[in-house]
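The values are calculated or read from the model by the stated rules, or taken from the named source; none is laboratory data. Quick caveat: nothing in here was measured; it's all calculated off a predicted structure. FYI the Cβ positions are ideal-geometry reconstructions off the backbone, even for glycines, and counts take in every protein chain you see. In case anyone asks, the SASA skips ligands and DNA or RNA and just uses the protein heavy atoms, side chains included. Shrake-Rupley method; radii C 1.70, N 1.55, O 1.52, S 1.80 Å.
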4 protein chains.
Amino acid sequence: MLADSIFTTPQMELLFSDATELRFMLSFESALAQAQAAVGVIPLEAALIIADVCGQTDWTTEWIKEQTLLAGNPAIPVVNRLKERVGHKSQPTLQYVHQGATSQDVIDTALMCQLKQAFEQFDEDINQLNNLLSGLARAHRQTPMMARTLLQQALPITFGDKVTGWLDGLQRSEQSLSRVMAECLVVQLGGPVGNGASLGQHVSAIRAQVAATLNLGTTTQAWHTQRDRLVDIAATLGILNGLLGKMAQDIILLMQTEVGEVWEGAAAGKGGSSSMPHKRNPVTATFMVAIAHQTPALVATLLSAMIQPHERAAGAWHSEWPVMRKLVKLTAANLYHANDLIQNLEVDTVQMQQNLNRAN
Amino acid sequence: MLADSIFTTPQMELLFSDATELRFMLSFESALAQAQAAVGVIPLEAALIIADVCGQTDWTTEWIKEQTLLAGNPAIPVVNRLKERVGHKSQPTLQYVHQGATSQDVIDTALMCQLKQAFEQFDEDINQLNNLLSGLARAHRQTPMMARTLLQQALPITFGDKVTGWLDGLQRSEQSLSRVMAECLVVQLGGPVGNGASLGQHVSAIRAQVAATLNLGTTTQAWHTQRDRLVDIAATLGILNGLLGKMAQDIILLMQTEVGEVWEGAAAGKGGSSSMPHKRNPVTATFMVAIAHQTPALVATLLSAMIQPHERAAGAWHSEWPVMRKLVKLTAANLYHANDLIQNLEVDTVQMQQNLNRAN
Amino acid sequence: MLADSIFTTPQMELLFSDATELRFMLSFESALAQAQAAVGVIPLEAALIIADVCGQTDWTTEWIKEQTLLAGNPAIPVVNRLKERVGHKSQPTLQYVHQGATSQDVIDTALMCQLKQAFEQFDEDINQLNNLLSGLARAHRQTPMMARTLLQQALPITFGDKVTGWLDGLQRSEQSLSRVMAECLVVQLGGPVGNGASLGQHVSAIRAQVAATLNLGTTTQAWHTQRDRLVDIAATLGILNGLLGKMAQDIILLMQTEVGEVWEGAAAGKGGSSSMPHKRNPVTATFMVAIAHQTPALVATLLSAMIQPHERAAGAWHSEWPVMRKLVKLTAANLYHANDLIQNLEVDTVQMQQNLNRAN
Amino acid sequence: MLADSIFTTPQMELLFSDATELRFMLSFESALAQAQAAVGVIPLEAALIIADVCGQTDWTTEWIKEQTLLAGNPAIPVVNRLKERVGHKSQPTLQYVHQGATSQDVIDTALMCQLKQAFEQFDEDINQLNNLLSGLARAHRQTPMMARTLLQQALPITFGDKVTGWLDGLQRSEQSLSRVMAECLVVQLGGPVGNGASLGQHVSAIRAQVAATLNLGTTTQAWHTQRDRLVDIAATLGILNGLLGKMAQDIILLMQTEVGEVWEGAAAGKGGSSSMPHKRNPVTATFMVAIAHQTPALVATLLSAMIQPHERAAGAWHSEWPVMRKLVKLTAANLYHANDLIQNLEVDTVQMQQNLNRAN
């Protein structure tokens, strides 16, 4: 779609590219072998060979993508190819590849690694945004403007009050992101039926070690069909997008011709019309509202997908894959636009005063 | 609807009745007057009169409900009636009724009081449920059964493993409920445009005092159009319902004629068919799935409703009212059914063993 | 909830009351017996006795509601009570009650009867609304005003153009309602497993006759787990609510203090503020937006509920019950508000002209 | 995402590629110029030059995509580039490019052209599917199996009965697709503020001619902010996906180890497990359920997006772009999987009989 770039960022496109996804899946396999070697379940040499193959730079994704349609998920062809490559190096090592693990271990953990990086970006972006908003609130703590309730002029506030309102929610959102990063970004490792039996008596140590290697949290149980953490992540992003959408909507309303109190920063080619050259349209704020309109339904899909039968779902799990990625990309874009919007926001304090005066 | 009782509980019907809602609105007005008297903004005598009128037992709701359609929200007729009643007692006190407050302060705070009571019930119910599940997991930690992935028989686990999976998510959910109770159940008090100006220099003290009286948390800002806490509450309930739905779905699948490993407890008249007397249908688990199907969309509506313009929304706020209540009632019913289901669950360990054997 | 009346109408409360629901369920049982007598499957006398009992005026709903929680659906206690009452009159007739039918036949058909009456009301309301809008468009076909794109003043149109836009969508919606009434409001009759076997060789004739008696369409197949017609109905209502929401949102925006081009009709006590007496808030349009915010998620729930396993669903079917009713009630309220809004709309043509002038 | 191919088809990737989207936008501009020349509004020679430039094969999309972030939508850079290219050929022709049209005219119409091609594919696919299902129903009209209600064995039906149920809904869906193709796939042409004024007195003729050239229907009004047709399209696809999801879910349930009545066709590498070689997992049906889980929320987003203010929305319109495309791609994939699934379905009539016997 020609308008794709509205709804994502280059960083997220890279993070969720086929190549990066494969990279994280191989990192899981490598980390697993290392952890199993550390507790003595597989030979150290085998772990080194597996790690070496996982680190090879000539992996391609085309065959894996094709096979996914037959296999049912991408982990199966990845593991098959990994075994093939390891077998070329050392036939006896083959048995130690992916030992005791299941497709969902690989796929869920790789997703968590991607989410981890995404959240690190979000954390940075929201911190920057909140700093910008703090500055804006301070700068305008005495700038009088009209408050509006039910879109009617109500009583005077300051523009600082309005910005403080935006900031208030976003500061809580920043804390929620931190909480989610600490609690919900965890390794998945339980083996074929989730009880860890295939990983032997050292399963807890192995799981903790894989988690540590991948910079994720560990768990006491596998969560193959207990998806609350994932939805907690999603809901946190949904709320953040709602807050950003509210801020953007306020700015669009303040930019109305008849109100004219704030404006998106001007840039050559920005906000024009293909038919009405005199216009100064909201662009960035429009994108933010367009994103915030899409995120609630994505959260709902993930909530619906919680009903995952028995020890692995036939469909509900798979439905999470595109939806979670879409939600993360939209969030990244929304935060990007938000920083752009606030950084360049023009505040027309004279117009604010005029609108105030008219009420009196 | 004849089937209403599936989707609510008597406690929730009482808690969200017109009378209780009015009671909480009047409690807010009373608490506000007391707090204002405590900081010396209104005379103590006025606060006593207001409290006295708020505590009168002959309030009715019919006129208030009718007026809501004209006024736009129920706080306006409630305050009007309150003023009328106070005026009858003491004309000079009239000016101190609802002083500095706005409709949204009353309505949001009353809702929070209702949510507080609902969460206390949830907390109790989930605690009981988790105790039941702990017991069940312990009792069956050595009961072998077949795990099923993608609805295919996979490898053996124990029934204890399966129950531990349910419990794992629900224990996190129990903690989330606690977090939300501590963080999100807060007073709303900001006055007409949310900046607290109408409440004077003592606004923080007044807000804290009202919160304390009503057993809610306080805030540094009003949150008239920053609805993240409310959606955090909703998402937490959404996740809980998803976990309960997963457990119920598992039980329905295990109750299949061809599987037959667990059964809902028998009761006279339970689970029969109007046309097939031999059947033993899932009833309670069916209700739970029916509830879990409805909750994701309600959370989505509340996420969508976060885009609340300026200092009070024209529509988005109002859309929260029935949706939040519905979500709470469904959650209460789901927890009630869950306790009923687990308390009476029959486990057919022989059939579990037979299904295991068939695989070998 | 004190604000209940915003989200429903008295007619819909009556139509979806316990008593009316029971009435329609009994009408189904009566129609079934009559149809079976007409084709000679049961004695005419039995049909008369059943019809007589179904028509008794002393039915109550309390016991039925209680039993629903045990039985799993309300049809089971209704049929049980019906058999009891028929048995009192004539023991040999008992066997002919509900003969060959299943709970879902009763419940789905009764819902369709309710939907039929609701749609007749909608048809009337939308017709009235479209007439009002036609008149308004004609009256203002030459009233100049500013068009606004991305909430920026763009180029002149007439207010008639704007109203014609609203009408354009609503006329298509009126046609969609007609299509749905003709195609989707059908009887459910298939017996326990939906293949009609229990109803014998005359099943098609019986089904057609029951449909005719109840003023519904007939079908070639039962649709116990093929729910497309129900969702088609829901989507049609969803679209109607979207169109009404758009119109209401436009009016709220035009009512902004800074725009001031149209106003909701004034009425004593309407649109005031509990704290700001000078305000003239949108009330009716606010309610409409609040409704339109809720309906998309309800349609989504019904779409999700289409995945109904085998010959009867355990949960998905039950989830439709409150959701469909809620959607219908909201639609009724939205149409009611819309007629009220348009009938009393005040158009400030002078202000429209002033806003136009300012652009030049 | 490595699993991308589950959720789309190669045809849809091509149809919704940047290049094809640009091609349709240019086709609109060309058709507009031709239509304007036909009614004498612009010189025939200008139309020929514009058509010639629109047909040039060396258009690229990179610059357009970049500019979209500034401009707010892709039509603005497309028109700019078109003007530039036309200007190179003939400076006087420049004024006739995009004359009287607005960005939304281009973008909505190009989307409709894409939807048209997608629907032609859907029509073919569902026709093929329904033929397959008809054949399957005929072949098994006498194959006895157990019906299951609430996932309990109920009474015997035939497998033909079950397939006929699937077919019944899908035949209605096929008709709905036809209806939507005839009614909803229409040109967008209204100019900057939708009233057609910029296109002059011949607007109806021009609109009809553009529609005819592009093989779309025409309209009496522009529908810039009346989005019911688009949502009607979406709801129709949503219902289709629900029906497909139901069929796939039934097959997954019938494939359960303990039921074993039907199987996905075997293929080398299909349905295996990375850890359990003995398994025969549902793959295609799993993908279908995964898709059907995602579509309800997309329809909800489009319903929510109907509240588009005034003459062009700031956000709601833009939110449609990725959502509608996603819905179409998912539908295409679902239909593709469905044909694959049914074409290769293996029916174990012996097992069906055994499951029947066990009940007796």
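Which log10 I(q)/I(0) values, to two decimals, does the range A:4-359 give at q = 0.07, 0.13, 0.15 Å⁻¹ under the Debye formula with one point per Cα? Log10 I(q)/I(0), no solvent term: -0.39, -0.97, -1.18.
Between C:Trp63 and C:Glu183, the C-beta separation translates, for a Förster distance of 41 Å, into a calculated FRET efficiency of about 0.65.
Gyration tensor over the Cα atoms of the range C:1-125: the corresponding equivalent ellipsoid has semi-axes (square roots of 5 times the eigenvalues, largest first) of 29, 17, 12 Å. Between D:Gln56 and C:Asp52, the modelled label-to-label distance comes to 8.9 nm, taking each label 7 Å out from Cα in the direction of the beta carbon.
Less than 10 Å Cβ to Cβ from C:Leu230, Lys/Arg counted +1 and Asp/Glu -1: what total charge do the surrounding residues give?
Net charge in that neighbourhood comes out at -2.
Normalising by residue count, the protein assembly as shown has a Cα convex hull of 170 Å³ per residue. Hydrodynamic radius of the range D:57-166 by the Kirkwood approach over all distinct alpha-carbon pairs: 19.1 Å.
Ignoring ligands, DNA and RNA, how much accessible area is buried between chains C and B, both sides summed, with a 1.4 Å probe, to the nearest 100 Å²? Please list the in-between numbers first.
Working: alone 16790 and 16790 Å², together 28930 Å².
About 4700 Å² of accessible surface is lost on pairing.
Each DSSP beta bridge with both residues in chain C is either parallel or antiparallel, and the antiparallel ones are about 90%. Distance from the Cα centroid of the range C:73-141 to that of the range B:1-62 is 39 Å (rounded to whole angstrom). Remark: the range B:18-139 carries a charge dipole of roughly 140 debye about the Cα centre, counting +1 on each Lys and Arg Cβ and -1 on each Asp and Glu Cβ.
Antiparallel DSSP bridges in the protein assembly as shown: what percent, to the nearest 5? List each step's numbers first, then the result.
On the way: 28 of 36 bridges.
Counting only bridges with both partners in the protein assembly as shown, antiparallel ones make up about 80 percent.
Here the simple spin-label model places points 7 Å from the Cα toward Cβ, and for C:Gln343 and C:Ala268 these points are separated by 1.9 nm.
Helix-only arithmetic for chain C: the sum of -39500 (n - 2.57) across DSSP H runs with n ≥ 4, divided by the residue total, places the mean residue ellipticity at 222 nm at -21000 deg cm²/dmol.
Restricting the calculation to Cα atoms, the range B:226-345 yields a radius of gyration followed by a Dmax of 18.1, 61 Å.
Percent of accessible area on the range C:4-359 owned by carbon and sulfur, 1.4 Å probe? The C+S portion of the solvent-accessible surface of the range C:4-359 is 49 percent.
To the nearest 10, the accessible area of D:Met247 is 0 Å² with a 1.4 Å probe. Closest approach of a chain A beta carbon to the axis mapping chain A onto chain D (residue, whole Å): A:Ala297, 2. When chain C is treated as a Gaussian network with alpha carbon springs shorter than 10 Å, the biggest mean-square fluctuation among C:Thr295, C:Thr102, C:Thr57 belongs to C:Thr57.
With point charges of +1 on the Cβ of Lys and Arg and -1 on the Cβ of Asp and Glu, referenced to the Cα centre of chain D, which listed residue (D:Ala71, D:Ile252, D:Thr213) lies farthest in the positive direction of the dipole? Final value for the positive-end residue is D:Ile252. Close amide H pairs (under 5 Å, H built 1.01 Å from N) link A:Met145 with A:Ile157, A:Thr158, A:Phe159, residues at least 5 positions away or on another chain. In this Cβ point-charge picture (+1 for Lys and Arg, -1 for Asp and Glu), chain C has a dipole of about 420 debye about its Cα centre. For the pair A:Glu124 and D:Glu13, a Förster radius of 51 Å applied to the C-beta separation gives a FRET efficiency near 0.95, rounded to the nearest 0.05.
Averaged over the residues of C:158-171, the number of partner chain Cβ atoms lying within 10 Å of the residue Cβ comes to 4.
For peptide B:227-236, the mean count of partner chain Cβ atoms within 10 Å of a residue's Cβ comes to 5.
A cut-off under 12 angstrom between Cβ atoms defines the neighbours of C:Leu70, and their net charge, with Lys, Arg +1 and Asp, Glu -1, is -1. List the pairs from A:Lys83/A:Lys116; C:Lys329/D:Lys246; A:Lys279/C:Lys162; A:Lys162/C:Lys279; A:Lys89/D:Lys279 whose alpha-carbon separation is above 25 Å, in the order I gave them. Too far apart for the 25 Å limit: A:Lys83/A:Lys116; C:Lys329/D:Lys246; A:Lys89/D:Lys279. Between A:Ala38 and B:Thr220, the C-beta separation translates, for a Förster distance of 30 Å, into a calculated FRET efficiency of about 0.05. Counting Cβ atoms of other protein chains within 10 Å of each residue's Cβ and taking the mean over peptide B:179-191 gives 1. With a simple spin-label model that places each label point 7 Å from the Cα along the Cα-to-Cβ direction, the separation between B:Gln201 and A:Thr20 comes to 5.4 nm. 3J(HN,Hα) along the range A:71-84, derived from phi through the Karplus expression 6.51 cos²θ - 1.76 cosθ + 1.60 where θ = phi - 60°, amounts to 6, x, 7, x, 5, 4, x, 4, 5, 4, 5, 4, 4, 4 Hz, with x in place of Gly and Pro.
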